[in-house]
């Protein structure tokens, strides 16, 4: 009896296919062509850590931008208040100068014009 006769007489087609299938599966696992979830996690662990660092950096930068934005808002509010006070003060000065002009015009009308003064047309 040769090897081929012995294999065909002692095994069935089902067991041969099962053996080839398990052998192929073992070959794929051995070559890392099929990997488990644990193997995948170990392979991409550095990528996961990198992603976590990037997300932490993003959150830190967003926090810094918010602080900066709040500072600029506060500066703009102070600037607006200062400008409003200046405008109010200028309004009061304009009103005071209007009253002074009225007093000076009244004095010009009420007082006689001096002869030989700067206002003398002759």
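Just so it is clear, none of the values below were taken in a lab; they were calculated from the coordinates. This one's a predicted model, so the numbers in the text were calculated from it and none came from an experiment. With ideal geometry, Cβ positions are generated from the backbone for all residues, glycine too; neighbour counts draw on all protein chains shown.
Quick notes
- In this simple spin-label model, placing a label point 7 Å from the Cα along the Cα-to-Cβ direction at both residue 106 and residue 30 gives a separation of 11.7 nm.
- For the chain, the longest principal axis of the C-alpha atoms and the axis of helix 13-30 are separated by about 40°.
- Between residue 69 and residue 92, the FRET efficiency estimated from the beta carbon spacing at R0 = 35 angstrom works out to 0.50.
- Structure-based [θ]222 nm, the chain - -39500 (n - 2.57) summed over DSSP H runs of at least 4, per residue, nearest 500: -28500 deg cm²/dmol
- Potential lengthening between residue 79 and residue 42 on full extension [0.36 nm per residue; Cα-Cα distance subtracted]: 7.7 nm
- Given the choices (i) 156, 26, 21; (ii) 41, 28, 21; (iii) 171, 21, 11, Cα extents along the principal axes in Å derived from the coordinates of this structure is entry (i).
- Helix 45-110 vs. the chain, principal-axis angle (Cα, 0 to 90°, nearest 10): 10
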